[in-house]
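Peer 1: Here you go, one structure.
Any read-out appearing in this document is the output of simple, stated calculations on the displayed coordinates, not a laboratory observation. All values reported here derive from a predicted model rather than from experimental measurement. Every residue, glycine among them, receives a Cβ derived from its backbone with ideal geometry; neighbour counts consider all protein chains shown.
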Amino acid sequence: METRKEHELKIHENGKTSKSPKLCGTNYPVSISFIVVNEFCERFSYYGMKAVLTLYFINYLHWDPNLSTAVYHAFSSLCYFTPVLGALIADSWLGKFKTIVYLSVVYVLGHIVKSVGAIPSVGDSTIHIVLSMVGLILIAFGTGGIKPCVAAFGGDQFDEEHTNERRKFFSIFYMSINGGSVLSTLITPILRGDVQCFGGDCYALAFGVPAILMVVALVVFISGSGMYKKSPPEGNILLDVCKCMGLAIKNRWKSSKYDPKKKHWLDWAEDKYPRRLIHEIKMVLRVLVLYIPLPMFWALFDQQGSRWTLQATRMNMAFGSTFVLKPDQMQMLNALLILVFVPIFDMVVYPLIGLCRINLTPLKKMAVGMIFAALAFGSATLVEVNVTKTVVEPAPQGQCLLQVYNLAVSDVKLNIPGSNLFSQPIKSYEDPPAYQHIQLGGHNKTINMAVTQNEILYQCVQTFTEQKAYTLVLHSNGSGIVCKLATDNIHKSEKMEAYLRFINTRSEAVNITVGAVDFYVPADYGISPHNNVERKEYTNDKCTTGSQDFLITLGLLDFGASYTVILKGDPGEIILQKMEDVKANNVHIAWQIPQYVLITAGEVMFSITGLEFSYSQVYVQYRPQLT
């Protein structure tokens, strides 16, 4: 039986190959520089688009976080499934080079369609969703289709005896992936949030720049065509493998106890398939043991772009008084740490482990990588526990949430029939008690509440709807206590903004401009709607009444908080009292760093080990399926 080296030499002799020049007298072919640059640009394209995808679903398509997360991971799953198709196309039809070129064209088309779908003036919301989904499907087929080919194609450029150079190539290749990821996850969120187009966040630009980088990747890859070793297609090896395994199972099932025993169950296919193929399949099956934990690891790893990003939107992103990180930029930390960890692990960690006479096999490395991933999610859980302390959970069915503002001149007591809520006196103009759950017993309920002030009883009748949050405003008029019900916004802004509204206790209406947002607040305890405002320190904002202009200072309106500002004071002056209905995000984003460090350490030990080991342990025709 011929050796793998003889088999690969035969392929190179029969196929259209060329002798690639070497880089600066080394054993590295010049052709790999085109492949590395192509991979850098392609990964910039992919990760740049993906970095803003979850927030695009929530803020542009107006999907809820659960649907956004589900579609995000469905797209990721498709990207990991389509490599099987790419490998089949490369092996049985086009070869690796043509497969990369043709599917890169599909990739570019997907980016273009996706970018067009992010332009508000192009159709309605249905058109945007259709274009977005079509674009994502094309991108998934493009990126997934070339994924098994590029790394294997790069490995093919090396002579078989240059195993050390090829091993280092995979580390360089992986670093190019993360170099593209670092820049893209830094830049595309800036394009999304800091560049305004069509009256809002510029998702069209955030998707358009990755499209341009994918065009560059395609041009660079084609430019190196004359230097590549191009092995011809080997035939549909995956189909042959499936047929061989099927026959072995069939023959084993039909065999009787009188038939001679076989050393391996695949040997039952010897009557039809050559021993060489059976031997190769045995090798592949041994390698596939490594792939059993792959779905679990990558399912966890991919949470960075969905749940970890959504977690970041509920955290404090400020570093000092001037620099504010964007929640989708936090993913950059993984790629940045990869660039640091790969050389550290290769040149420091693994050699030190070797000096300690510890045999760290590929399987052991991957097991340690999985442990790091588990620890990363333990860290993420601790962060989430503290983050949720600032969140007001929505009321379940049959209930609503209620808080009370006492704007009367003295303390009041509120009695709700059938409950002992708000049993303590509510002081005048104090910060409201926490939201309480009101039992409704149905979709709507009208409740006759009793308000007591100075031993005098007043009736307050209001209608509540389940799963909503309300503020009950109590204030004095000439004859007693009056109540007014306002609907609240308890959800934290996914855009890292604050919510703000005003209650005007004065006798004349007020117009207020906060940043770029205008508020109109009616007179006599009028309540403005909630509006999103940018997170920052507000001083000298314009406030206009019918008779006079004022400058007001609101102070810091922080990430994720919901504020109610009460306007009071005699004519000729305005006094502000700021209430915090929903707490600001007080857990700093730096607390996410440990989980990124752990998941990245796990990735280095799990992913790079698997990539290198898969390539080295199987015959050349199986490499697209396994890399």
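Peer 1: Sorting Lys445, Lys272 on the 10 Å Cβ count, fewest up front, what's the list?
Peer 2: Sorted ascending by nearby Cβ count, the order is Lys272, Lys445.
Peer 1: Any idea what angle helix 65-89 forms with the longest principal axis of the chain, computed on alpha-carbon atoms, 0 to 90 degrees, nearest 10?
Peer 2: 10 degrees
Peer 1: Hey, got the dipole for the chain? About the Cα centre, +1 on K and R Cβ, -1 on D and E Cβ, debye to the nearest 20?
Peer 2: Computed about the Cα centre, the dipole is about 2820 debye.
Peer 1: Excluding same-chain residues fewer than 8 positions from Lys261, which lysines have a Cα within less than 16 Å of its Cα?
Peer 2: Lys250
Peer 1: Counting other beta carbons within 10 Å of each Cβ, put Thr553, Thr185, Thr69 in order, fewest first.
Peer 2: Taking fewest neighbouring Cβ atoms as first place, the list is Thr553, Thr69, Thr185.
Peer 1: Please arrange Tyr72, Tyr102 by counting, for each residue, the other beta carbons lying within 10 Å of its beta carbon, fewest first.
Peer 2: Least crowded to most crowded, the residues run Tyr102, Tyr72.
Peer 1: May I ask for the angle, rounded to the nearest 10°, between helix 332-344 and the longest principal axis of the chain, with both axes built from Cα atoms and the value confined to 0 to 90°?
Peer 2: The angle comes out near 40 degrees.
Peer 1: A further question on this structure: Give Lys50/Lys495; Lys413/Lys536; Lys495/Lys542 a once-over and call out the pairs whose C-alpha atoms are over 29 Å from each other.
Peer 2: Lys413/Lys536
Peer 1: Can you order the peptides 454-466, 322-334 by their average number of other Cβ atoms within 10 Å per residue, highest first?
Peer 2: Those peptides, ordered most packed to least, come out 322-334, 454-466.
Peer 1: How big is the gap, in Å, between the Cα center of the stretch 459-499 and the Cα center of the stretch 533-582?
Peer 2: Each part's Cα centre sits 19 Å from the other's.
Peer 1: What whole-number distance in Å separates the alpha-carbon centres of the stretch 73-129 and the stretch 206-273?
Peer 2: Measuring centre to centre over Cα atoms gives 22 Å.
Peer 1: OK, next. Using only Cα atoms, tell me the angle between helix 4-14 and the longest principal axis of the chain; keep it within 0 to 90° and round to the nearest 10.
Peer 2: It is inclined by approximately 90 degrees.
Peer 1: Count charges around Phe323 for me, please; just the other residues with Cβ under 14 Å from its Cβ, Lys/Arg as +1, Asp/Glu as -1.
Peer 2: Here the charged neighbours net out to +2.
Peer 1: Could you grab the relative contact order for the stretch 1-235? Cα pairs under 8 Å, six or more apart, rounded to a whole percent.
Peer 2: Reported as a whole number, the value is 40 percent.
Peer 1: While we're looking at this one, here's another question. Once Lys and Arg get +1 and Asp and Glu get -1 on their Cβ, which of Leu238, Leu339, Ala374 lies farthest toward the positive end of the dipole of the chain?
Peer 2: Going by the charge dipole, the pick is Leu238.
Peer 1: Among DSSP beta bridges lying fully in the chain, give the percent that are antiparallel, nearest 5.
Peer 2: The answer is about 80 percent antiparallel.
Peer 1: Past 24 Å, Cα to Cα, is the threshold; run Lys98/Lys243; Lys282/Lys364; Lys98/Lys229; Lys326/Lys492 against it and keep the listed order.
Peer 2: Lys98/Lys243
Peer 1: While we're here: Please give every one of the aspartates and glutamates within straight-line cross-link reach of Lys484, meaning a C-alpha to C-alpha distance under 20 Å, and leave out same-chain neighbours fewer than 8 residues apart.
Peer 2: Within reach: Asp411, Glu430, Asp431, Glu466, Glu508, Asp524, Glu580, Asp581.
Peer 1: On a C-alpha basis, how far is the centre of the stretch 26-49 from the centre of the stretch 338-375 in Å? Whole number, if you could?
Peer 2: That distance is 25 Å.
Peer 1: Take the Cα radius of gyration of the chain and divide it by 2.2 N^0.38 Å, with N its residue count; two decimals is plenty.
Peer 2: 1.25
Peer 1: So, R0 is 60 Å and r is the distance between the beta-carbons of Val349 and Ile575; what FRET efficiency does that work out to, to 0.05?
Peer 2: 0.45
Peer 1: Let me ask something else. Are any of the pairs Lys263/Lys365; Lys389/Lys468; Lys22/Lys168; Lys427/Lys578; Lys96/Lys147 more than 22 Å apart by Cα-Cα distance, and if so, which?
Peer 2: The pairs that break the limit, which is 22 Å between Cα atoms, are Lys263/Lys365.
Peer 1: Which of rounded, prolate or oblate describes the stretch 1-235 when judged by the alpha-carbon gyration tensor and an a/c cut-off of 1.5?
Peer 2: Prolate, because a/c is 1.5 or more and a/b exceeds b/c.
Peer 1: In deg cm²/dmol and to the nearest 500, what is the mean residue ellipticity at 222 nm of the chain if only DSSP H runs of at least 4 residues count, each as -39500 (n - 2.57), divided by the residue total?
Peer 2: Roughly -15000 deg cm²/dmol at 222 nm, from the helical runs in the chain.
Peer 1: What order, most packed first, do the peptides 213-226, 301-314 have when packing is the mean number of other Cβ atoms within 10 Å of each residue?
Peer 2: Highest-to-lowest ranking by the protection proxy: 301-314, 213-226.
Peer 1: Separate question: For the ranges 585-595, 119-129, 347-357, what's the packing order if you count other beta-carbon atoms within 10 Å of each residue, average per peptide, and put the highest first?
Peer 2: Ranked from most to least packed, the peptides come out as 585-595, 119-129, 347-357.
Peer 1: Using alpha-carbon pairs under 8 Å, 6+ residues apart, how would you state the relative contact order of the chain in percent?
Peer 2: Contact order relative to length: 15 percent.
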